[in-house]
Structures are given as C-alpha cells and as structure tokens.
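Report on one structure; see the data block that follows.
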Amino acid sequence: MSATDFPILILGAGFSGVGMGIRLKQAGIESFTILERADDVGGTWRDNHYPGAACDVHSHLYSYGFEQNPEWSRAFGKQPEIQSYILDLAERHDIYRHVRFNTEVTGARFDEDTGLWTVDTEDGASLQARVVVSAVGALADPSYPDIPGLEDFQGKLMHTSRWDPDVDLRGKRVGVIGTGASAIQVVPTIAPEVGELKVFQRTPPWVIPKFDRAMSEWEKFAFRHVPGLLSARRIALYWMYEFLNGPMIISAQPWLKRLGADWGKRHIAKSIKDPELRRKLTPDYEFGCKRVLISNDYYPALARDNVELVDGGVARLTGKGAVDAAGNEHELDVIISATGFDVPSAGAPVPIQGRDGLDLDTVWSQGAEAYKGITVSGFPNLFFLLGPNTGPGHTSVLAYTEKQMDYTVQAIQTLQKRDLKYVDVKQSVQDAFNKDLHARMENTVWLKGGCSSWYLAPSGKNTTLYPDFNFKYRLSVRRFNPREYELARA
Ligand code: NAP
C-alpha cells in the first residue's frame, strides 16, 4: 500500500515515533511519514546529553521487547548508549527514509466528510492523512525557572536539556538550580572538575541506592548466544519492577511508604555526616509523591568541600549570580537550570480540531483525558503514544508505549480491513474509563503525599500517571475493540 492509499502521519521521531514506525513496518504498513522538528531522531535522548545523563530504569527493560539488545554495557544505560540504540533501530529498520526532519507541526484538523486529517507545518505545507499518531512525548520542551532577574545574569545560563558542550566548567563557579532527576545526575558528574558548585534546592527528593554495574563480556556473550536468556532477564526485571517497586509507589499503604522513606533516610545517613545537611536533605512529604530518584554519587558529591547545598531555592538572579532565600548573594560564572520540562498536562500539544470543530485545547483545559491514554472522543483516527495517564511511577515507560503502538496498529488494520472512514471512541466508554481511573487515583501518594510535582495539572488533577500495575494496563489494551468505537463507513 503506498503513502497515497492510506497516509499515516506520526508526529515526532523520538523513541516512541521510531518504535511506531517499526511496528507499522512489521505489520506490513509502509504508508507513513514521521514529522520531526529537529534534525535527527531520538527526542528527549537526543536532547538530554548533559554530563551524567543516564536512564534510571534497567536497560534490558528500557528497550523494546521486539528489539532486545544483548550489548548493553551497563545495567543502567547512559545517554550516549541509549541514543545509539535508537539511531541503530532507525537505521536497521529503514525509518530515516520516512522522516521529514526540520518540520514543526503547527496544527491539525479533521474533516468528517472525507475522514481525512490535514496537518499544517511551520514551513507552510499542509499534509493529509487518514490517521495521525502523536508521539510528541512529555519531556520535550525545557521549563526555565520563573525567577526574577533571569535576563540580568551576565554569565552563561543553560538548561540541562539544552546543554552547550563548548562551555568549559573547569575551575568555574557553577550554580545548579533544581534537585530533580536531571540535577542529581549532573551534580556528581561535574563536581570534581568545577571550582565551586552551589546546588539550589527548593524541595529535596527521595533518593535511594542505584544497583548499577557493568555487564561482563561473559554475560553479553550468553545474551547473544543462549536462546531465551535475554528475554528471561527482561521478564525477571519486569516483575521485579512490578512487585518490588510497584507496591511502594502505587499502594496507599502507609507502612510501605515508611519502608521507602526509611530506605531513603539510611541512604542519606550513609554519605552525609553533618546533621544539619541531613535535615535539609530529608523530604517532609511521603515517599513516591515526587519521582523517587536513584543515585549512589549524589549525596557523596554534596559532602565534597567544593560543593554547597543552598536550601530554599533562588529568590532572584543578578548580573553576577544568584540571591538565595536568606538574601545571600552567590557569585557564579555558569548557572545550570535543571528545572525540568513544560509537561503538557492540560491543553493540546498543538492546536487540534476534531469533529464539528471540537478544539482539543478546550476539551483538555481542565486536564487531559483519553480512553486508555490513546484515543479521545470527537477526534477520530487520532492516536496518542504516552497520552494522558499512561506514564509510569514505578517501571519502564516503554512497557506502556509498546502496547499503545500495537493497539494503534490493530485500529489501523480494522480501518483498512473494514474499509472504514474513521473510528471514534464513544464518549460514554471514555468517561467510564476515566471515572474508574480517577477513583483509583484518589488515594495515591501523588495526590495525597503532600508534595507538588509535574505529574499534576494546574487543576490539581493527575493527568500523567497510571494509578495501577503495568500488567493490568497491558491486559486492558491488548485488543482494539471496535464495539467501543463509533465506526463510520467509507
Ligand atoms: P523535575 O523532576 O521536574 O525537577 C525540576 C527541579 O527543578 C525540581 O527540583 C524543582 O523543585 C526545581 N525547580 C523548578 N523550578 C524552580 C525554581 N523556580 N526555583 C528553584 N527550583 C526550581 O525535572 P528533571 O529533573 O529534569 O526531571 C523531569 C523528568 O524527566 C523526571 O521526572 C523523569 O521522568 C525524567 N528524567 C529521567 C531521567 C532518568 O534517569 N531516566 C533523568 C532525567 C530526567 P521543586 O521540586 O520544588 O518543584
């Protein structure tokens, strides 16, 4: 089938967009184009090349089940290796030929009469598609801190996800704003080379040990040659995340939260001798409320002589540096903003108009909702990867997106086999799904744990995470059920 017979547009050539392309090809569907705003594939793994960038999920699980890799050099892969894995996938599956690089999507609208989407791009083009798959990801656009004087700083200011490799940090006075997943990786990596390092903490994270190690040559050899061994490791890791990690994060049981918090406190005590620094580093909210971080070198880095933890965040920036909450000015040459991403928890990623001019931004203004995180009523033939409430609090994100790709392929095959104009999830089906999901969300630590996080939309609704075990999600999306959809004949 050629691109003109059944054109499919995928928005974004990140990990998910590349994976979606592969799954389509494996299903014999070649009629897709991927629109990518940057000049290479990889998405957040292309952009986040700050020193120390790595994954905090085991690589044998943070890789596709349909493309397992025996060559991972470590238990937890670092950014260059993960990006190479994605580039290699794109190369081997001939994905590049489907990608239009430097193409930013500015909007999409659906025409009910023809059953076609029109997708506009910044360069003035309008493309038509029977199906649109949004693979734009949540961690794409950097969020800079809303701090007075940001423009005044005369030194170098850079965001972790827009790292400038030409900046020489050796011997410099460096400030890091934020203590999230990115910060705890960059801080220990740069601490030995900088002159002084000030870490501006607003809220301490819970941090537990990272059981990282190099994979031996023997292990890699065995993964390459012993049938089933690689899959066995993946399955073991999967259930470990489900039943060791999962309960501590998902369950509302206070004793499990205490178990996690005690683990975190012991981890602080092991590296930090100063009682005052220990106090500053101990969170006052429940374990799991924000993303639990894993690191063995973050606390030791904070205990170094050239590193200072400045509690209370940054009050304002000046031409020379940062003023902390107590009013002390810290002179700095470089400021690293490790302040996370503009996560689209409410509103559409780009202006999207569905049936009868329905506007997705308006529909999602109080917090995004979809059916199983994939389809939205009133927006036919539009599929989301990593859509609302399908982010993981405890396991690999790919355990969700992989299944969403397969669900989307099944929907496309249904459209083709039954010669349908479109499928549109019934509002009643979507509402029942979300009623149940948000009832389960009610008692989660993300809502009740006493913290604020990027998981929550401004309305306070958790629109990002799935409030249950991944295996339940996987079971629920294993089959595309046309009865849950309004089907329009061609
Ligand atoms: P983040 O978790 O959102 O952390 C942002 C940090 O910046 C927080 O400590 C936040 O403090 C602080 N901050 C924000 N605005 C501030 C301000 N105005 N003044 C002072 N501090 C401010 O961002 P991230 O660390 O980039 O991580 C985002 C997500 O990316 C993670 O949750 C994870 O899903 C993913 N990630 C994963 C890995 C990995 O290993 N796989 C690595 C990096 C990132 P508050 O807590 O007070 O808001």
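The values are calculated or read from the model by the stated rules, or taken from the named source; none is laboratory data. In this text the structure is predicted, and so the values were computed from the model without any measurement. With ideal geometry, Cβ positions are generated from the backbone for all residues, glycine too; neighbour counts draw on all protein chains shown. Side chains are part of the model used for accessible areas, which takes the heavy atoms of the whole protein and leaves out ligands, DNA and RNA. Shrake-Rupley method; radii C 1.70, N 1.55, O 1.52, S 1.80 Å.
Membrane-span-like helices in the chain, defined here as complete DSSP H runs extending at least 15 Å along the helix axis by their C-alpha atoms with mean Kyte-Doolittle hydropathy no lower than 1.6, are absent; this is a sequence and geometry rule, not a statement about a membrane. Cross-link partners of Lys426 among lysines, defined as those whose alpha carbon lies under 25 angstrom from its own and excluding same-chain residues fewer than eight positions apart: Lys372, Lys403, Lys417, Lys435, Lys461, Lys472. Evaluate the distance, in nm, between pseudo-label points positioned 7 Å from the Cα of Lys210 and of Asn443 along their respective Cα→Cβ axes. Using points 7 Å along Cα→Cβ, the separation is 3.5 nm.
Extension gain, Asp94 to Asp305: 0.36 nm times the residue separation minus the Cα-Cα distance gives 70.9 nm.
Would you kindly state how much longer the chain becomes between Phe471 and Trp218 on full extension, computed as 0.36 nm times their sequence separation minus their alpha carbon distance, in nm to one decimal?
Details: separation 253, 0.36 × 253 = 91.08 nm, distance 3.14 nm.
Extra length available between Phe471 and Trp218 comes to 87.9 nm.
For the stretch 236-329, the carbon plus sulfur part of the accessible surface works out to 54%, probe radius 1.4 Å. Its Cα centre serving as origin, the chain has a Cβ charge dipole (Lys and Arg +1, Asp and Glu -1) of approximately 1880 debye.
The DSSP beta bridges internal to the chain are antiparallel in roughly 45% of cases.
Averaged over its residues, the chain has an accessible area of 42 Å² per residue, based on protein heavy atoms and a 1.4 Å probe.
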